[in-house]
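Below is one structure, written out as structure tokens; comments come after it.
The values are calculated or read from the model by the stated rules, or taken from the named source; none is laboratory data. Source: prediction; values computed, not measured. Cβ sites come from the backbone with ideal geometry, for glycine too, and all protein chains shown count toward neighbours.
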Amino acid sequence: MRKQMLRWLAVAMLVMLAGCQTVRTTQPGVVGVDRPQRMLVSSDEMNRGAVDAYQKVQQEAAKKGQLNRDPAQTDRVRRIASRLIPSTAAFRPDARNWRWEVNVINSDEVNAWCMPGGKIGVYSGLISKLNISDDELAAVMGHEIAHALREHSREQASLEHVQSAVIGIGGALLGLSDLAQNLGQLVAEVVFNRPHSRQDETEADRIGVELAARSGFDPRGAVTLWQKMGRLGGGQPPQWLSTHPSNETRTRDLQEYSQRVMPLYEAQR
């Protein structure tokens, strides 16, 4: 009986995976990011969700007086974005027509993001705590833009839809308790999502250095950026249990790929 249930579970998973569409979100570029992706969630669904999330972030930041507080800082970030955005056409021509928005949020957090469809947020702590150069800031923003170009959040949402559905079906079929199903989700997170997320981070790093180089920023800024991040401290979990590559691994990869795109940078000088 149990074997039969497991067979039904396997069939359910195969049916859901078959429903995923295989897409190539971007051109490979000089850095050669050419991995096909499986999508169950549509771009329209993700974009609608991103618009809602972005509006909430904006409203909350504005309410606290944290939105674009420093005009010079905001102008600097927007000028860098205005150079990076045209370069997105090398990876996907439609991105130039996205409704791009760029804002700075006053916060000690060392972070930045780009939501699906081109909504960018940069935290002031990233700029002040790292004493960041324009080349380094372009590396961060290029990296975050790359996540949006590759639709990594849509890919992750698709994977989580499949996993949640299969775990729910399995729990119903096998009579597992809620706790057991939660443990199953944790295992799925560690085994599937986290390695996948490291892959996403590496893809975004590589595309990011190419975007920077094509836009006239020194791609080696990505290397000095992560050297600074390493000195910032805070500790990291072991690489195999992290959603990001270790600073050492990341720096080595960025050194290699920044050299690969140097001719693009030299052509812009």
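How many residues are buried (at least 17 other Cβ atoms within 10 Å of the Cβ) and in a loop (DSSP other than H, G, I, E, B) if we restrict to segment 31-65?
Residues in segment 31-65 being buried (at least 17 other Cβ atoms within 10 Å of the Cβ) and in a loop (DSSP other than H, G, I, E, B): 4 in total.
With the structure loaded, tell me whether Arg69 is in a helix (DSSP H, G or I), surrounded by 12 or more Cβ atoms within 10 Å (Cβ to Cβ) and in contact (Cβ under 8 Å) with a residue 12 or more places away in the chain or whether it fails that test. Don't jump to the end; show me each part of the working.
Values: in a helix (DSSP H, G or I): no; surrounded by 12 or more Cβ atoms within 10 Å (Cβ to Cβ): yes; in contact (Cβ under 8 Å) with a residue 12 or more places away in the chain: yes.
So Arg69 does not fit the description; no.
Right, Leu264: part of a helix (DSSP H, G or I), modelled with pLDDT of 80 or more and within 15 Å of Val140 (Cα to Cα) or not? Write out each step before concluding.
Working: part of a helix (DSSP H, G or I): yes; modelled with pLDDT of 80 or more: yes; within 15 Å of Val140 (Cα to Cα): no.
No: the conditions fail for Leu264.
Name every residue in segment 71-87 that is more than 12 Å from Val104 (Cβ to Cβ) and of a type in the set (A, V, I, L, M), in order of residue number.
Correct list: Leu84, Ile85.
May I ask you to verify whether Val23 is surrounded by 12 or more Cβ atoms within 10 Å (Cβ to Cβ), modelled with pLDDT of 85 or more and closer than 25 Å to Glu151 by Cα? Walk me through it before giving the result.
Numbers: surrounded by 12 or more Cβ atoms within 10 Å (Cβ to Cβ): yes; modelled with pLDDT of 85 or more: yes; closer than 25 Å to Glu151 by Cα: yes.
Against the criterion (surrounded by 12 or more Cβ atoms within 10 Å (Cβ to Cβ), modelled with pLDDT of 85 or more and closer than 25 Å to Glu151 by Cα), Val23 qualifies.
Condition (residue is in contact with a strand residue (DSSP E or B) (Cβ under 6 Å, 6 or more places away or on another chain), surrounded by fewer than 16 Cβ atoms within 10 Å (Cβ to Cβ) and without any contact (Cβ under 8 Å) to a residue 24 or more places away in the chain) applied to segment 94-107: is it met by at least one residue?
no
Which condition number in (1) touching a helix residue (DSSP H, G or I) at 6+ places or on another chain (Cβ under 9 Å); (2) surrounded by fewer than 20 Cβ atoms within 10 Å (Cβ to Cβ); (3) charged (D, E, K, R) is the one that Arg78 fails?
Answer for Arg78: the failing condition is (1).
Test Glu136 against the criterion of being of a type outside the set (A, V, I, L, M, F, W, C), surrounded by 23 or more Cβ atoms within 10 Å (Cβ to Cβ), more than 10 Å from the chain's Cα centre (by Cα) and more than 30 Å from Leu40 (Cα to Cα), and give yes or no.
yes
Looking at (1) crowded, with 21+ Cβ neighbours inside 10 Å; (2) modelled with pLDDT of 95 or more; (3) touching a strand residue (DSSP E or B) at 6+ places or on another chain (Cβ under 9 Å); (4) not aromatic (Phe, Trp, Tyr), which is the one condition that is false for Lys119?
Single failed check for Lys119: (2).
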